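The values are calculated or read from the model by the stated rules, or taken from the named source; none is laboratory data. Remember, it's a predicted structure, so these values are computed and weren't measured experimentally. Neighbour counts are summed over all protein chains in view; Cβ atoms, including those assigned to glycine, are modelled from backbone coordinates with ideal geometry. Just the protein is used for accessible areas: all its heavy atoms, side chains included, with ligands, DNA and RNA removed. Shrake-Rupley method; radii C 1.70, N 1.55, O 1.52, S 1.80 Å.
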Amino acid sequence: MKSIYLYIFFILLLSCDNDKKIIENFINPQSLPLEEMKNATILYTENGDIRVKIISAKMTRIVNPEDVIKFSNGVVVDFYTDTSEKKSVLTCENATVNNKSQIMIATDNVILVSSEKKELMTEELIWDQNKNLIYTEREVKITTDDEVIYGEGFSSTPDFMEYEIKKAKGSFNLKKD
């Protein structure tokens, strides 16, 4: 009886196949992360001065097919002035930075707050580092001390001092010069 079990065991052992092509089709090694970090902080500097600080619960860097960094589970992006003063803070659930194009896409519960306490809420916000521009084509809500503006489409510099809203609606305070 033991010889039958031993015979079955050897048949099963010899029937196992680790074909490299099957394994590569199951897991593509080029799409695996190069780096993965929890509680990550990344600083972008220019001439030794901090320009942007990104804090995330999880960071994953993937280099194939493109060099991207994915931030997830809560992201905070601090934008700084030339004198290293914080000018605005962006929070979101997830963000992706394409290192080649220098574009970050923040998604899911995106909130941008300026140093003057203006607040933008949307579901997606794009930051183009080369153009020093943040924008979206999605619906937005901007709240200030004395007005609430809704719209579809938005653009501004990262300091969120002056901005443009497409298809705006809401309560406005217009000042005459």
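The table below lists the values:
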{"item": "Sole exception among (1) farther than 23 Å from Glu85 by Cβ; (2) out of contact with any Lys or Arg (no Cβ under 7 Å at 6 or more places or on another chain); (3) surrounded by fewer than 18 Cβ atoms within 10 Å (Cβ to Cβ) for Val113, by number", "result": "(1)"}
{"item": "Options Asn39, Asn64: the member that is part of a strand (DSSP E or B), of a type outside the set (A, V, I, L, M, F, W, C) and over 15 Å from Pro158 (Cα atoms)", "result": "Asn39"}
{"item": "Checking Val77 against (1) touching a residue at least 60 places away in the same chain (Cβ under 8 Å); (2) open to solvent by less than 30 Å² (accessible area, probe 1.4 Å), the condition it does not meet", "result": "(1)"}
{"item": "Number of positions in region 129-140 that are over 13 Å from Glu162 (Cα atoms) and either surrounded by 15 or more Cβ atoms within 10 Å (Cβ to Cβ) or among the aromatic types (Phe, Trp, Tyr) (or both)", "result": "5"}
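Residue-by-condition table, conditions (1) surrounded by 16 or more Cβ atoms within 10 Å (Cβ to Cβ); (2) outside any strand (DSSP E or B); (3) among the hydrophobic types (A, V, I, L, M, F, W, C); (4) touching a Lys or Arg at 6+ places or on another chain (Cβ under 8 Å):
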| position | (1), (2), (3), (4) |
| --- | --- |
| Ser84 | no, yes, no, no |
| Leu90 | yes, no, yes, no |
| Ala95 | yes, no, yes, yes |
| Met104 | yes, no, yes, no |
| Glu123 | no, no, no, yes |
